[in-house]
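Q: This is the structure, below, for whatever I ask next.
The values are calculated or read from the model by the stated rules, or taken from the named source; none is laboratory data. Just so we're clear, the structure is a prediction, and the values are computed from it rather than from any experiment. Glycine gets a Cβ as well: all are built from the backbone with ideal geometry, and neighbour counts include every protein chain shown. Ligands, DNA and RNA are excluded from the accessible area calculation, which covers all protein heavy atoms including side chains. Shrake-Rupley method; radii C 1.70, N 1.55, O 1.52, S 1.80 Å.
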Amino acid sequence: MTRRKLTAEEIELWRKVTNQAERLHPEVPQTVHPTTLPKPKPTKTPRVRIERFEVGQNALGKPARNALKPTVTESLRATPVQMDTKAFSRMKRGKLKPEGKLDLHGMRVDTAHPTLIRFILSAQASGKRLVLVVTGKGKDRDEPGPIPTPRGVLRNQVPQWLSLPPLAQAVLQVTPAHVSHGGDGAYYVYLRRVR
């Protein structure tokens, strides 16, 4: 692409503007008309072969998963142990028997949240230490779509609710339940002692 040259009218207009304008830097020599910049030199870029890419596929060709945020189970397993280590390992293996159970399976979010708050606070007030909260695993979507959505609304919401007030002061540890108590569709909630 070649740059066009300034016309005589444009140069005359530029001279009028520069004569009327106040100079910011009077020490710099004044030019008659604006200078044209030199033509940029093209640089050679190496040719890169681009492979065909499908939506839902990562660079290695495997189906992509929402790798930005870990799953609820992964994030709960990564949290540090707050309770007694021996009791925690027994609980994970399903050797500790829950003292109470709340089944939220099939409930809507607007009824499940107040039910969970009531259950956890009353369990702590009655001196219980380990309770089981069943959420269900959730349904697979018929059409997953381009935006990854986590499976099971309650399964993803319950750990978040347990980490927020008013339940955060009552909960010591949350971990996915053992297969004998519901597996990924349930959570062990270890409560703090009432002082």
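Q: Pick out the one residue from His105, His113, His33 that is in contact with a helix residue (DSSP H, G or I) (Cβ under 7 Å, 6 or more places away or on another chain) and modelled with pLDDT of 80 or more.
A: On the way: His105 fails: in contact with a helix residue (DSSP H, G or I) (Cβ under 7 Å, 6 or more places away or on another chain); His33 fails: modelled with pLDDT of 80 or more.
Sole residue among the options that is in contact with a helix residue (DSSP H, G or I) (Cβ under 7 Å, 6 or more places away or on another chain) and modelled with pLDDT of 80 or more: His113.
Q: Could you check, for the range 166-186, whether at least one of its residues is of a type in the set (A, V, I, L, M, F, W, C), open to solvent by 90 Å² or more (accessible area, probe 1.4 Å) and not in a loop (DSSP other than H, G, I, E, B)? Let's see the steps before the verdict.
A: Step one: filter the range 166-186 for residues of a type in the set (A, V, I, L, M, F, W, C), giving 167-168, 170-172, 174, 177, 179, 186.
Now narrow it down to the ones that are open to solvent by 90 Å² or more (accessible area, probe 1.4 Å): 179.
With not in a loop (DSSP other than H, G, I, E, B) added as a condition, the list becomes 179.
Within the range 166-186, one or more residues are of a type in the set (A, V, I, L, M, F, W, C), open to solvent by 90 Å² or more (accessible area, probe 1.4 Å) and not in a loop (DSSP other than H, G, I, E, B).
Q: I would also like to ask the following. With the requirement that a residue be aliphatic (A, V, I, L, M) and out of contact with any helix residue (DSSP H, G or I) (no Cβ under 9 Å at 6 or more places or on another chain), what does the range 165-180 give you?
A: Filtering the range 165-180 down to residues aliphatic (A, V, I, L, M) leaves 167-168, 170-172, 174, 177, 179.
If the condition is that a residue be aliphatic (A, V, I, L, M) and out of contact with any helix residue (DSSP H, G or I) (no Cβ under 9 Å at 6 or more places or on another chain), then Leu172, Val179 are the ones that fit.
Q: Tally up the residues in the range 67-116 that are surrounded by 11 or more Cβ atoms within 10 Å (Cβ to Cβ), among the hydroxyl-bearing types (Ser, Thr, Tyr) and under 28 Å from the mean Cα position of the chain (by Cα), please.
A: Number satisfying all stated conditions: 5.
Q: Restricting attention to the range 106-127, does a residue exist that is under 30 Å from Glu54 (Cβ atoms), free of Cβ contacts under 8 Å to residues at least 24 places away in the same chain and among the acidic types (Asp, Glu)?
A: Pass one, the range 106-127, residues under 30 Å from Glu54 (Cβ atoms): none.
Taking every residue of the range 106-127 in turn, none turns out to be under 30 Å from Glu54 (Cβ atoms), free of Cβ contacts under 8 Å to residues at least 24 places away in the same chain and among the acidic types (Asp, Glu).
Residue by residue, here is whether (1) modelled with pLDDT of 70 or more; (2) of a type outside the set (Gly, Ala, Ser); (3) surrounded by 10 or more Cβ atoms within 10 Å (Cβ to Cβ) holds:
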| residue | (1), (2), (3) |
| --- | --- |
| Arg4 | yes, yes, no |
| Trp14 | yes, yes, yes |
| Thr18 | yes, yes, yes |
| Glu22 | yes, yes, no |
| Leu37 | no, yes, no |
| Val48 | yes, yes, no |
| Glu54 | yes, yes, no |
| Leu60 | no, yes, no |
| Pro63 | no, yes, no |
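Q: Given (1) at pLDDT below 95; (2) touching a His at 6+ places or on another chain (Cβ under 8 Å), where does Leu132 come up short, assuming only one miss?
A: Every listed condition holds for Leu132 apart from (1).
Q: Test of understanding: among Arg155, Arg193, which residue is of a type in the set (Lys, Arg), crowded, with 16+ Cβ neighbours inside 10 Å and either touching a residue at least 12 places away in the same chain (Cβ under 8 Å) or assigned to a strand (DSSP E or B) (or both)?
A: Values: Arg193 fails: crowded, with 16+ Cβ neighbours inside 10 Å.
The match here is Arg155.
Q: Turning to a different aspect of this structure: Going by what's in this entry, would Leu154 be described as more than 21 Å from Lys128 (Cα to Cα) and in contact with a helix residue (DSSP H, G or I) (Cβ under 6 Å, 6 or more places away or on another chain)? Steps first, answer last, please.
A: Details: more than 21 Å from Lys128 (Cα to Cα): yes; in contact with a helix residue (DSSP H, G or I) (Cβ under 6 Å, 6 or more places away or on another chain): yes.
Yes: the conditions hold for Leu154.
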